[in-house]
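Here the structure comes first, spelled out in structure tokens, and everything after it is commentary.
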Amino acid sequence: MMKNITNPVSDEKISRLILKSYFEDLYDAVSSDVIIAGAGPSGLYCAILLAQKGFKVTVLDKKLSPGGGIWGGAMSFNRVILQKDVEGILKELEIPYKEEENALIVSSISFASSLIAKTTSFNNIKIFNLISVVDLYYIDEKISGVVVNNSAIELQKLHVDPMVLVSRAVLDATGHEAVLVNLYNKRTKVDLVNEFFMNAEKGEEDVINNTKMIAPGLFVSGMAANNVYGGYRMGPIFGGMLLSGKKAAKLISDYLNAH
Ligand code: 48H
């Protein structure tokens, strides 16, 4: 019978190629300029801007799909709103949008997928899903990387030791949980306030103002920043998340250039 596939790939070869490719990348990611914990909108956009400046970036997300809280839109209705202030960013990321009543309406599916596609187009960004950041790596009085474990191991609460990935700067972009800042706070107290009630206009201003360096080498962006500093939450509007990622990229690149 005529074969439809003229270049068949054996099971053995599939295993070999996947393991070689994945572990080459993971080996390379043992040391980066910046580690970003959380592949939501603020973390991904920050990664893109840092990569454009030439930094080597590793993005880690504990879940199966990068994109964080974008996918679900509002209450599972797959649309999000962005302010006209970020129209230029949507064009740059090639995300389709519709303007109505002086605001931009975007499909959460195209927002998340375009942001992920853009992130994966950079050779100097490595993105790993299903890897959980479980601690900070702290050397010489500064944050110098993160401690990671396989998410499945974490979910099962198995007693399996984690490993370290080193970097010159770390961004906590873990959203509402602010995981890394909370881990830092366990050892060195920072004034953790918790996010405030919902108010889109206030929350969107807050998230940019609250994007800061928490400690030498540790930065916070997005919903995590509002959680740390008591900013309002803002519901399904996302311009502030992109602008927070942009501010984080500026703070991190200034820090890296000065150290
Ligand atoms: C690795 C982790 C870990 C960990 C969590 O929540 P996100 O989308 O983050 P932001 O801040 O970029 O965007 C916030 C936005 O999505 C949102 O929630 C809004 C606008 N809410 C408003 C409101 O009123 O509720 O993404 C964070 C990512 C997720 O993908 C997590 O899986 C990941 O971080 N993450 N990754 N190690 N320990 N913890």
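Here the gap between Lys91 and Asn199, fully extended at 0.36 nm per residue and compared with their Cα-Cα distance, gives a gain of 36.2 nm. Cross-link partners for Lys91 among the lysines, with Cα-Cα distance under 18 Å and sequence neighbours closer than 8 places in the same chain left out: Lys118, Lys246. Note on exposure: Asp33, Asp25, Asp140 ranked by accessible area (1.4 Å probe, complete protein assembly) read Asp140, Asp25, Asp33, with the most exposed listed first. Here the spin labels are modelled as points 7 Å beyond Cα on the Cα-Cβ line, and at Ala258 and Asp25 they lie 3.4 nm apart. Note that region 98-191 presents 55 Å² accessible area per residue, ligands and nucleic acids not counted, probe 1.4 Å. As a ratio to 2.2 N^0.38 Å, the alpha-carbon radius of gyration computed for region 65-143 takes the value 1.40.
Surface composition of the chain: carbon and sulfur make up 56 percent of the accessible area, probe 1.4 Å. Taking label positions 7 Å along the Cα-Cβ direction at both Ser10 and Asn185, the computed distance is 5.5 nm, reported to one decimal. Using θ = phi - 60° in the Karplus curve 6.51 cos²θ - 1.76 cosθ + 1.60, the 3J(HN,Hα) couplings for region 76-84 round to 6, 7, 7, 9, 10, 10, 10, 7, 4 Hz; x is entered for Gly and Pro.
Semi-axis lengths, largest first, of the ellipsoid equivalent to region 26-97 are 25, 17, 8 Å, with √(5λ) applied to each eigenvalue of the Cα gyration tensor. Among Asn149, Asn123, Asn182, the residue with the largest mean-square fluctuation in a Gaussian network model of the chain, with springs joining Cα atoms closer than 10 Å, is Asn123. Take the Cα radius of gyration of the chain and divide it by 2.2 N^0.38 Å, with N its residue count; two decimals is plenty. With N residues counted in the chain, Rg over 2.2 N^0.38 Å equals 1.05. Evaluated on region 104-258, the Kirkwood hydrodynamic radius is 16.6 Å, with distances taken between all distinct Cα atoms. Listed cross-link partners Lys53/Lys157; Lys56/Lys189; Lys63/Lys186 are compared with a 32 Å cut-off, the Cα-Cα value being larger for Lys53/Lys157.
Computed over region 125-187, the Cα gyration tensor eigenvalues convert (square root of 5λ each) into semi-axes of 19, 14, 13 Å, ordered from largest to smallest.
The values are calculated or read from the model by the stated rules, or taken from the named source; none is laboratory data. Values in this document were obtained by computation on a predicted structure and should not be read as measured data. Ideal geometry is used to build each Cβ from the backbone, glycine not excepted, and the neighbour counts take in all protein chains shown. With ligands, DNA and RNA removed, areas are computed over all heavy atoms of the protein, side chains included. Shrake-Rupley method; radii C 1.70, N 1.55, O 1.52, S 1.80 Å.
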